[in-house]
Amino acid sequence: MKIVQTVFGKFHHFHLARQLHKRGMLEAIFSSYPSWKLRNEGLPMEKIKTFPWIHTAMMAKWRFGMHNDRLDKELAWALANTLDRHVANKLPHCDVFIGISGSGLRTGGISQKRGAKYICDRGSTHIQYAKQILDEEYNHWGLKFPGIDPRAIERERAEYYRSDIITVPSEFVRKSFIEKGVNPNKIRKIPYGADLNMFAPVDKPPDDVFEVLFVGQVSLRKGIPYLLKGFSKFKHSKKRLRIVGSAFPGMDVIFKRHDMGQVELMAPIPYNKLKYIMSKSHVMVLPSIEEGLALVQGHAMACGCPLISSINTGAEDLFTNGREGFIIPIRDSDAITEKLEIMAQNRQKREEMSVAALERVNSIKGWDTYGDQFARLCQEITLVNL
């Protein structure tokens, strides 16, 4: 069996590519990243094909803090279309084509005409569901949502329709597709794994301060206001919240509305350094409003760091509420406060959660289980008429 993938940048697709290559199934993976960013991905370079021109320009713009909503949308639209056209023109023979959502409309159609199956892989909720819930969130805080390009919405809806199968990482995402009218039989849920080669306990949390951690985009989508409010109400003589990540435009307004005492805003930390701060944290909180299955959750668990995660992070597909951490409703700062107090006051419970988190993440064998399930799906769909 031969499988071809397309992805913007990397996301989780290079984890999948390594799994497919290990099983002798990967024909090629096309990425919008430049080749120099993909040299250490554990794949033969001849398997990696790049079309980096637009994405490289976008990364340079972001690096220098040049934000412009209109220009960003035009570049993103151009990236999606040019990458898709490029892959369609270069597409090698394959039995299955897997395109991350937004990247594979043309290529998926061509692959189907050649007799292959087309999988649209969506890492977060149905694009119309995402727009709806983020519109609500920005309106709630009196901020203007940059929005999702209507062209991108129509493109993704066309991908959902054209594809043979839609793969999603969590029950939360699966339900969002069903809510928007997609046939449940077309959806396959395959939860992500965790990078056990990169993440492991390397230190212990301190005894003199209670360390709370957040890692990710510092944005309304990630539920930052609820984290700030929940942390401020958390009564503890020595506490600290470290927020690691890049702040989206407009977040300075949110910071001014909340108590930022004992809160440390930190720049993004290199991927290979995250294990140090995760290992030294008593708990990581991820109160996201919308996403698929946040990879940082598995990373934290692999470092022995328990979680307080909203249901909309895909947490229910990664751990059990009350065992490896807590799963809470979205937009619930009181629940964040309550769970922080439980973890701070009950050291035995917290340490039991730490051990359980390590056991759970090791039970899914890194990305091997994900690879097994995806490979099995590809084999199944090439044997039946969908």
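The values are calculated or read from the model by the stated rules, or taken from the named source; none is laboratory data. The model shown is predicted, which means the values in this text are computed figures rather than measured ones. Methodologically, a virtual Cβ is constructed for each residue, glycine included, from the backbone with ideal geometry; neighbour enumeration extends over all protein chains shown. We work out accessible area using only protein heavy atoms, side chains counted, and drop any ligands, DNA or RNA first. Shrake-Rupley method; radii C 1.70, N 1.55, O 1.52, S 1.80 Å.
Here are a few things to note about the model shown:
- Within the set MET66, MET58, the sole residue that is on the phi < 0 side of the Ramachandran plot, of a type outside the set (Val, Ile, Thr), modelled with pLDDT under 95 and touching a helix residue (DSSP H, G or I) at 6+ places or on another chain (Cβ under 6 Å) turns out to be MET58.
- Test for PHE145: is it buried (at least 16 other Cβ atoms within 10 Å of the Cβ), farther than 25 Å from VAL96 by Cβ, of a type in the set (A, V, I, L, M, F, W, C) and modelled with pLDDT under 95: yes
- Note on segment 150-255: enclosed strands (runs of 3 or more DSSP E) holding 1 or more residues that are over 21 Å from the mean Cα position of the chain (by Cα) and not basic (Lys, Arg) are 210-215, 239-244.
- Of the residues in segment 205-221, at least one is in contact with an Asp or Glu (Cβ under 8 Å, 6 or more places away or on another chain), aliphatic (A, V, I, L, M) and either under 30 Å from PHE374 (Cα atoms) or at pLDDT 95 or above (or both).
- Boolean, ASN197 is open to solvent by 30 Å² or more (accessible area, probe 1.4 Å), polar (S, T, N, Q) and modelled with pLDDT under 95: yes
- Pairing residues of segment 247-273 that are more than 24 Å from ALA300 (Cβ to Cβ) with residues that are surrounded by 12 or more Cβ atoms within 10 Å (Cβ to Cβ) and of a type in the set (A, V, I, L, M), at Cβ distances under 7 Å and at least 6 apart in sequence or on separate chains, gives GLY250/LEU143; VAL253/LEU143.
- Enumeration of residues in segment 302-312 that are touching a residue at least 60 places away in the same chain (Cβ under 8 Å) and either farther than 21 Å from TYR276 by Cβ or among the hydrophobic types (A, V, I, L, M, F, W, C) (or both): ALA302, CYS303, CYS305, SER310, ILE311, ASN312
- Counted as qualifying within segment 306-386 are the helices (runs of 4 or more DSSP H) with 2 or more residues that are closer than 30 Å to GLN112 by Cβ and open to solvent by 10 Å² or more (accessible area, probe 1.4 Å), namely 368-381.
- Only a single criterion out of (1) in contact (Cβ under 8 Å) with a residue 60 or more places away in the chain; (2) buried (at least 20 other Cβ atoms within 10 Å of the Cβ); (3) not small (Gly, Ala, Ser) is not satisfied by PHE177, namely (1).
- Candidate set from segment 36-93 (those that are of a type in the set (A, V, I, L, M) and more than 29 Å from TRP367 (Cβ to Cβ)); member that is most open to solvent (accessible area, probe 1.4 Å): MET66
- Scan segment 256-296 for residues that are surrounded by 16 or more Cβ atoms within 10 Å (Cβ to Cβ), assigned to a helix (DSSP H, G or I) and out of contact with any strand residue (DSSP E or B) (no Cβ under 6 Å at 6 or more places or on another chain) and the total you get is 6.
- Test result for TYR192, of a type in the set (Ser, Thr, Tyr), open to solvent by 10 Å² or more (accessible area, probe 1.4 Å) and under 30 Å from PHE374 (Cα atoms): yes
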